[in-house]
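The values are calculated or read from the model by the stated rules, or taken from the named source; none is laboratory data. Predicted, not measured: the structure shown is a model, and the values here were computed from it. Reconstructed Cβ throughout: ideal geometry from the backbone, glycine too, with neighbour counts over all protein chains shown. What goes into the accessible areas is simple: the full protein's heavy atoms, side chains included, and nothing from ligands, DNA or RNA. Shrake-Rupley method; radii C 1.70, N 1.55, O 1.52, S 1.80 Å.
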Amino acid sequence: MTADSFSDPLIEWYQTHKRDLPWRDTSKPYNIWVSEIMLQQTRVDTVIPYYHRFLEAFPSVFDLAKADQQQVLKLWEGLGYYSRGRNLHHAAQQVVEKYNGDVPSSYKEITSLKGIGPYTASAILSIAYQKKYAVVDGNVVRVVTRYNGITSDIRKSSVKKEVQAFMDDAVPALNPGDFNQAVMELGATVCTPSNPDCGSCP
């Protein structure tokens, strides 16, 4: 199966069926970055009110950088995994000090920021900057292994490498952010871990 036969129908499906989420209404790298950090290990429904409150308190990276850490953690209260909030605060200071408040658009620079690994970097670069980077998380691994009929244990590093290679090939130069979000959306809403709705799969 070709990469195009995977990406084209997925993007078309996503543009019609995507959930209405607040971070999908913006192309601001800072806002997308905040959402991606909050969404790590946390359900979408839980994140939405925190996302709104956080951006109301810290509407720009400059506001976050100059904030007191206790104020940041207070707004994070209830989200858990507090190192995410501390790292985000520290990284905002890095962005202001090193990049004059511009969230880096290169992979090397953005992964130098505290708390930003390969997945988060690829998500921000593809969604905010439309750069051709593929994301791989649990949803993506599940979708791709099912699509390609891979039956090996998905926890194996060899399987993740195979999925990454497929995604790197499949991610289009046009709308890479929509493509990445489409695969994750499919995994979250249709290609679920149990009882997948295969009849609704594009």
Original post:
Relative contact order for the chain using alpha-carbon pairs under 8 Å, separation at least 6, rounded to a whole percent?
Top reply: 24 percent
Original post:
Sorted by packing (mean other beta-carbon atoms within 10 Å per residue), highest first, where do 111-118, 160-167, 177-184 land?
Top reply: 177-184, 160-167, 111-118
Subject >> Dipole magnitude of the chain about its Cα centre (Cβ charges: Lys, Arg +1; Asp, Glu -1), debye to nearest 20 >> reply: 560 debye
**OP:** First compute the accessible area of the chain with a 1.4 Å probe, then give the percent of it belonging to carbon and sulfur atoms.
**Re:** 49 percent
**OP:** Could you do me a favour and compute the accessible area per residue for the chain, 1.4 Å probe, result in Å²?
**Re:** 51 Å²
**OP:** Report, ordered by chain and residue number, the lysines lying within cross-link reach of residue 131, taken as a straight Cα distance under 26 Å and ignoring same-chain residues fewer than 8 apart.
**Re:** 18, 28, 98, 108, 114, 160, 161
Subject >> Rounded Å value of the spacing that divides the Cα centres of segment 12-32 and segment 180-194 >> reply: 15 Å
Original post:
Given a Förster distance of 25 angstrom, what is the FRET efficiency for residue 21 paired with residue 90, based on the Cβ-Cβ distance and rounded to 0.05?
Top reply: 0.45
Subject >> Helix-only CD estimate at 222 nm, as mean residue ellipticity for the chain, using -39500 (n - 2.57) per DSSP H run (n ≥ 4) >> reply: -18500 deg cm²/dmol
